[in-house]
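S.K.: Next up is a structure, given as structure tokens.
The values are calculated or read from the model by the stated rules, or taken from the named source; none is laboratory data. Remember, predicted model here, so these are calculated numbers, not experimental data. Note: ideal-geometry Cβ built from the backbone for every residue, glycine included; neighbour counts use all protein chains shown. Please note that ligands, DNA and RNA were not included when accessible areas were found on the heavy atoms of the full protein model with its side chains. Shrake-Rupley method; radii C 1.70, N 1.55, O 1.52, S 1.80 Å.
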Amino acid sequence: MSGPPGLDAKTGIILSPPNLPGWDMIPLASMVEEHFQLPVKVDNDANVAAVAEAILGAGSGCESVYYLTVSTGVGGGFVINGKVFQGANGYAGEVGNMIVVPNGIKHPALNAGALETLASGTAMGVAGKAKGIHGGAEAVFREAKALNKVAQTIVDEALEYLAIAIANLTHAINPEVFVVGGGVMNSEEQVLLPLRGKVKEYVYPGLKESVNIIPAKLGSNSGVIGAGFII
């Protein structure tokens, strides 16, 4: 499930997630509580994965962890001392809607030029298809690894936008570590190394060597593991 505006984690109500048509104002937490007679909390996938990575995964031992997931969409969660920082209205960490290109690509549920519209797996797949590369982001990465210049340009542009977002987050919240996961973040050499280099171009000189960007460890299990920690 995507993050807000689809979910109010504080009340456990599903609001109106753009990728789940018809799930409008559903009191999911109270419904499940009534059925099982157990306390229930609801949160989005990025937040629970962030908790898992912060406590048992790549961010273990760190006081502050920002988890960034790049797959079909782009999501994030900010964990401080093992707890998700929700913000005043539950929107903290929602990096997917961060504007990285003013007046950029439009999206029905996001800002024009939002990170998710430019750097998600979906966005890369669309860009690839427009250039004759079919098969989604996976095909784009495969072609880029095979030295296809068009595919490499698509990858480079997506990493540029991700670097801008990470630099903005660094200056705003300065977490001890960024943990990156999701299907697009599939290669240390192809993704993480160039991403780290690009981030250094956008942060204060004093931060260039201290911005720590590492791969997630728990893979597809992170959501299930993290859900167990939010009660």
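S.K.: If Gly77 satisfies all but one of (1) touching a Pro at 6+ places or on another chain (Cβ under 7 Å); (2) at pLDDT 90 or above, what's the number of the condition it fails?
M.R.: Of the numbered conditions (1) touching a Pro at 6+ places or on another chain (Cβ under 7 Å); (2) at pLDDT 90 or above, the odd one out for Gly77 is (1).
S.K.: Within the stretch 216-225, which residues are small (Gly, Ala, Ser) and surrounded by fewer than 17 Cβ atoms within 10 Å (Cβ to Cβ)?
M.R.: Gly219, Ser220
S.K.: Let me ask something additional. Look at the stretch 176-215 and say how many of its residues are without any contact (Cβ under 8 Å) to a residue 40 or more places away in the chain, within 15 Å of the chain's Cα centre (by Cα) and open to solvent by 30 Å² or more (accessible area, probe 1.4 Å).
M.R.: Count: 0.
S.K.: Of the residues Val70, Val65, Val79, Val48, which is without any contact (Cβ under 8 Å) to a residue 60 or more places away in the chain, of a type in the set (A, V, I, L, M) and closer than 19 Å to Ser222 by Cβ?
M.R.: Being without any contact (Cβ under 8 Å) to a residue 60 or more places away in the chain, of a type in the set (A, V, I, L, M) and closer than 19 Å to Ser222 by Cβ holds for just one of Val70, Val65, Val79, Val48, which is Val79.
S.K.: Continuing with the same structure: Just checking, how many residues over the stretch 25-77 are within 26 Å of Ala114 (Cβ to Cβ), open to solvent by 80 Å² or more (accessible area, probe 1.4 Å) and assigned to a loop (DSSP other than H, G, I, E, B)?
M.R.: 2
S.K.: Answer yes or no: is there a residue in the stretch 167-175 that is in contact with a Leu (Cβ under 8 Å, 6 or more places away or on another chain), outside any helix (DSSP H, G or I) and at pLDDT below 95.
M.R.: Among the residues of the stretch 167-175, not one is in contact with a Leu (Cβ under 8 Å, 6 or more places away or on another chain), outside any helix (DSSP H, G or I) and at pLDDT below 95, which makes the answer no.
S.K.: While we're on this one: When you scan the stretch 194-204, do you find a residue that is more than 19 Å from Met98 (Cα to Cα) and aliphatic (A, V, I, L, M), even just one?
M.R.: Within the stretch 194-204, none of the residues are more than 19 Å from Met98 (Cα to Cα) and aliphatic (A, V, I, L, M).
S.K.: Could you tell me how many of the residues in the stretch 137-175 are open to solvent by less than 60 Å² (accessible area, probe 1.4 Å), more than 17 Å from Leu193 (Cβ to Cβ) and more than 18 Å from the chain's Cα centre (by Cα)?
M.R.: Here the count works out to 5.
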